Amino acid sequence: MADMRFRTEITPSPSPIPLSPDSRVVMLGSCFTDNIGTRLADSGVPVSANVCGVLYNPASIAEAVTTALDGEWSGDLEFRHDALYRNWLLSTKFAHADADTARTLWHSAFATLHKEIMCADMLIITFGTAWVFTHIASASSQYSGIVGNCHKVPAREFQRRRLSVYEITDLWRPLIARLKRHSPELRIVFTISPIRHFKDGAHGNTLSKATLHLATDMLTCLCPGTEYFPAYELLVDDLRDYRFYAADMLHPSDVAADYVWQHFTATYFTTGGRAELARRAAAIRASRHRPITGGNSL
């Protein structure tokens, strides 16, 4: 009887240049970044994940990295809404009622990102969607107006559109070159989030993900020192079942995130490195454990 298989499994391809458990990793992008970032941190890897908050589209991620490298931001990024001072590139956790305090928070976030990127061995960029919102009144010669977060500003103030493959590559090619000039050994890994953006509609989500796939493929072909990790394919093509999604049927379940993590470590860490990650993870779990005592001991 022929060997019967009921799913198409993706086999990890070990990287020719593995990471060490002490390699510094910076992660930016979709909230799927947080899943792997948390697992790296819980395994004792020095990781910085989404220090500017969650960013979904390639333009906003590129703008955040550029702003961090420049050390300053356009005044068009600043605005006040619902009595709080905000920044179009940063999440709501960086909003504050006092303007100076808000700017201190923004500066700290961008300065931290700059420092972490300059020290990083690997930069992982996760694109979530090619759909963007442009705040019409904020667009200027210095700032495209594409926002990382809408901050619940009325929809009528935005223009919604889908980035093209060439817009994404035109943004990222010079940025990658700049990053490599600063850190020639920096490895840049692109991933595409398997999280489904159904607010764009089923067809809109498919077009968006296809755009991201084509853009990342073009970037990894044209830019030395860049590569692609198949987080999207592991969930959509390998697991390929709703039981691997959370209750909202959009986000990956913990089991799915663990599966991607398993493939990530098999790709970027040696057998000895994975054993060290497991040892560190056990030590970190033990350090967090608080024993419950039932009274005086003899």
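Counting residues in segment 85-99 that are closer than 30 Å to Glu233 by Cβ and either out of contact with any His (no Cβ under 8 Å at 6 or more places or on another chain) or surrounded by fewer than 22 Cβ atoms within 10 Å (Cβ to Cβ) (or both) gives one or more. Would a scan of segment 6-24 turn up a residue that is within 29 Å of Ala257 (Cβ to Cβ), β-branched (Val, Ile, Thr) and within 13 Å of the chain's Cα centre (by Cα)? No, segment 6-24 contains no residue that is within 29 Å of Ala257 (Cβ to Cβ), β-branched (Val, Ile, Thr) and within 13 Å of the chain's Cα centre (by Cα).
Restricting segment 91-102 to residues that are of a type outside the set (Val, Ile, Thr) and at pLDDT below 95 leaves a set whose member that is nearest to Gly148 (Cα to Cα) is Ser91. Looking across segment 147-173 at every residue that is charged (D, E, K, R), in a helix (DSSP H, G or I) and open to solvent by less than 90 Å² (accessible area, probe 1.4 Å), the one that is farthest from Val65 (Cα to Cα) is identified as Glu157. Look through segment 10-57, keep the residues that are in a loop (DSSP other than H, G, I, E, B) and under 21 Å from Ala246 (Cα atoms), and return whichever of them is most open to solvent (accessible area, probe 1.4 Å). Among those residues, the one meeting the criterion is Tyr56. Do the conditions hold for Val255, that is, is it part of a helix (DSSP H, G or I), surrounded by fewer than 16 Cβ atoms within 10 Å (Cβ to Cβ) and among the β-branched types (Val, Ile, Thr)? Criteria met by Val255. Note on segment 130-146: residues that are within 19 Å of the chain's Cα centre (by Cα) and open to solvent by 10 Å² or more (accessible area, probe 1.4 Å) total 3.
Taken together, Leu105, Leu69 contain a single residue that is open to solvent by 40 Å² or more (accessible area, probe 1.4 Å), of a type outside the set (Gly, Ala, Ser) and either modelled with pLDDT of 95 or more or assigned to a strand (DSSP E or B) (or both), which is Leu105.
Pairs linking a residue in segment 227-240 that is on the phi < 0 side of the Ramachandran plot to a residue that is charged (D, E, K, R) and assigned to a loop (DSSP other than H, G, I, E, B), with Cβ atoms under 6 Å and 6 or more positions apart or on different chains, are Asp238/Glu9.
The values are calculated or read from the model by the stated rules, or taken from the named source; none is laboratory data. Predicted model only: the values in this text are computed from it and were never measured. A quick note on method: Cβ atoms are made from the backbone with ideal geometry, for glycine too, and the neighbour counts reach across all protein chains shown. The protein model used for the area step is the full one, side chains on, heavy atoms only, and it has no ligands, DNA or RNA in it. Shrake-Rupley method; radii C 1.70, N 1.55, O 1.52, S 1.80 Å.
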